[in-house]
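Have a look at the structure below before the remarks.
Please treat every number below as a calculation from the coordinates, not as lab data. Note that the coordinates shown come from a computational prediction; the quantities given were computed from them, not determined experimentally. Neighbour counts run over all protein chains shown; Cβ positions are idealised from the backbone, glycine included.
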Amino acid sequence: MIKIPLLWHPRVYNIRMWILHGRNLRKRYEYISRQIGKNKVVLEPGCGPGLLAKYLDPSCKYIGFDIDPSFVKHCKRKGLNVYKGDALTAKSYKKADVIVLYDVVHHIGRKDEKKMFKLCNKFAKKIIICEQPAPELLKRMKWYVWIFNIIDQDKKGKVNLALQRTEKELLKDMKKGFGIVKKKKRIKKIGKEFIVTYG
C-alpha cells in the first residue's frame, strides 16, 4: 500500500474533511452534540484532530485518544484532553457517559470491530457512531478503490474500501447493533453519512 504522510497531518486532514463533506460536516457534529446533551463526559476513540470538542456544550468534559502521535500533539496544542491510545485496547478507555466513533469503524476493519464495540459497550452508557457507507457502484471499480484506499489510509494500513459496508449493509448492521450493542437506537442520515445513537 502506498502511504502519503502529508495526509496524516492534522491540518491537511481538517481541510480534506471540509472539502469532502462541506456543510454536512458541521451539521453532523451539531446533531451529535444534541444527542450528547449537557454535563456529560464524552470519550472519542480515534479522535483525530479533535473536531468534535468544539461542538460540544461547554458543560461537557471532552476526552479523546488516537493511535497517531501527530494528532495527539495537535490536540494538546489546542488545549484538549487527548492521549495516545488504541481503540482495540481496554487500557486506552475511560468511563464516560457517551462514546463517539466518528468515521472510525472502517479504520478498524470488520475482523476487529466487535472487540471495539464490546469495549465501547463496557465503558459508556451511550454510544454514537457516524459512518459513511461505501458507494456500491464505485466499490466495484478497482481504480477508485485504489485511490480511495490511498487517500483515506491510516498509519495502521487497515482501510480497504472493497471490504467496507454498502448503505444496505451499514443500515442492517446499525439496526442490529453490529451484533454487540443491545441498546435502544436512533438512526439519522446527514449527507451521505449515517449516525446511530445507542442508549
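Taking label positions 7 Å along the Cα-Cβ direction at both Lys73 and Ser59, the computed distance is 3.8 nm, reported to one decimal. Our summary of shape: the Cα atoms of region 72-128 have principal axis extents of 33, 23, 20 Å, ordered from largest down, in whole angstrom. Protection proxy ranking, highest mean first, for peptides 170-177, 93-100: 93-100, 170-177, where packing is the per-residue count of other beta-carbon atoms within 10 Å, averaged. Computed from the Cα positions only, the extents of region 35-81 along the three principal axes stand at 30, 18, 12 Å, in decreasing order.
Ranked by how many other Cβ atoms sit within 10 Å of their own Cβ, fewest first, the residues Cys130, Cys47 fall in the order Cys130, Cys47.
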